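Comments concern the structure below.
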Amino acid sequence: MSQSDSIYASPLDTLIDFRFDERVVDVFPDMIQRSVPGYGTIISTIGVFAAKYAQENSHCYDLGCSLGAVTLSMRQRIKAENCDIIAVDNSQAMIERGQKILESDRSSTIPVTMTCADINDVDIENASVVVMNFTLQFIPLEERLALIKRIYQGLKPGGVLILSEKIAFDEPERQAFQIDIHHDFKRANGYSDLEISQKRTALENVLIPETIATHQQRLNDAGFSFSDVWFQCFNFISLVAVK
Ligand code: GEK
């Protein structure tokens, strides 16, 4: 069972940039459920995408897998023969815990390799489904196009990229509105104003959101002929791009 997240509940003297360390791993499922609107829906729907798009004799990737929620959802649903899942995260603490969770998963026999590595060092090849569920937002801006291009090149024809992100808006009024309602969502899930504000500061230099237009232009520049927003709640979206 995951512990409840109280990392930012007391005033902290120095707010260091957010890191996916052991403290975060302990509370991660609780933290992400209470912070990302629609997280559960997104996870289960990625399983539906994987069932539709996983091709036989291909790899499915979960990049920035954390504890492997996307991996487990895909594993439960994929029916294609001779398919495996490659899950990657650069937090050792996440991978260690994720591997334990995976060991107790009896939902299917689809092979999973869960590895601690930087996404930028992972070869993407013979892929039918690639998922980045709230991961690209942590990659430096100048590295994002090269990564999306590599994913495009590693996908088989007809393969898909599922890309979920916290987003920004060009219009200041819309930006303020969406942030405000998202904070209400967090308050409704039991976070205090102090927790919300300290977490926001900790993420400021680490999580860089972009607009939907920027994401779709980048997908287009990388070669994807089609992309669409299939989920949005406030300033959180998920896109699907088809090769
Ligand atoms: C989920 N997808 O539960 N290489 C590998 N991993 C990275 C990198 C990198 N360069 N940068 C960040 N990460 C998950 C949730 S969380 C989203 C993803 C969030 C990893 C980081 O260690 C963390 O585990 C994950 O990306 C982002 O569906 O916490 O908002």
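The values are calculated or read from the model by the stated rules, or taken from the named source; none is laboratory data. Bear in mind that the values here come from a model prediction, so they are computed numbers and not experimental data. Using ideal geometry, Cβ is built from the backbone for each residue, glycine included, and neighbour counts are taken over all protein chains shown. For accessibility, only protein heavy atoms count, side chains too; no ligands or nucleic acids. Shrake-Rupley method; radii C 1.70, N 1.55, O 1.52, S 1.80 Å.
Things worth noting here:
- For the residues E142, E125, E171, the requirement of being among the charged types (D, E, K, R) and touching a residue at least 40 places away in the same chain (Cβ under 8 Å) singles out E125.
- D228, sole failed condition from (1) under 19 Å from the mean Cα position of the chain (by Cα); (2) open to solvent by less than 50 Å² (accessible area, probe 1.4 Å); (3) free of Cβ contacts under 8 Å to residues at least 40 places away in the same chain: (2)
- Here is the figure for the range 194-243: residues that are more than 22 Å from M31 (Cβ to Cβ) and of a type outside the set (A, V, I, L, M) total 17.
- Scanning the range 186-208 for residues that are at pLDDT 90 or above, closer than 14 Å to N235 by Cβ and open to solvent by 50 Å² or more (accessible area, probe 1.4 Å) yields one hit, I208.
- Here is the figure for the range 210-223: residues that are touching a helix residue (DSSP H, G or I) at 6+ places or on another chain (Cβ under 6 Å) and either under 18 Å from G64 (Cβ atoms) or crowded, with 16+ Cβ neighbours inside 10 Å (or both) total 2.
- Evaluating N90 against the criteria (1) more than 9 Å from the ligand (Cβ to nearest atom); (2) at pLDDT 95 or above leaves one unmet condition, (1).
- Out of E171, E142, sole residue that is surrounded by fewer than 13 Cβ atoms within 10 Å (Cβ to Cβ) and outside the structural domain of F236 (by TED's automatic domain parsing): E142
- Hits in the range 97-112 (condition: farther than 20 Å from K156 by Cα and more than 12 Å from the ligand (Cβ to nearest atom)): Q99, K100, L102, E103, S104, D105, R106, S107, S108, T109
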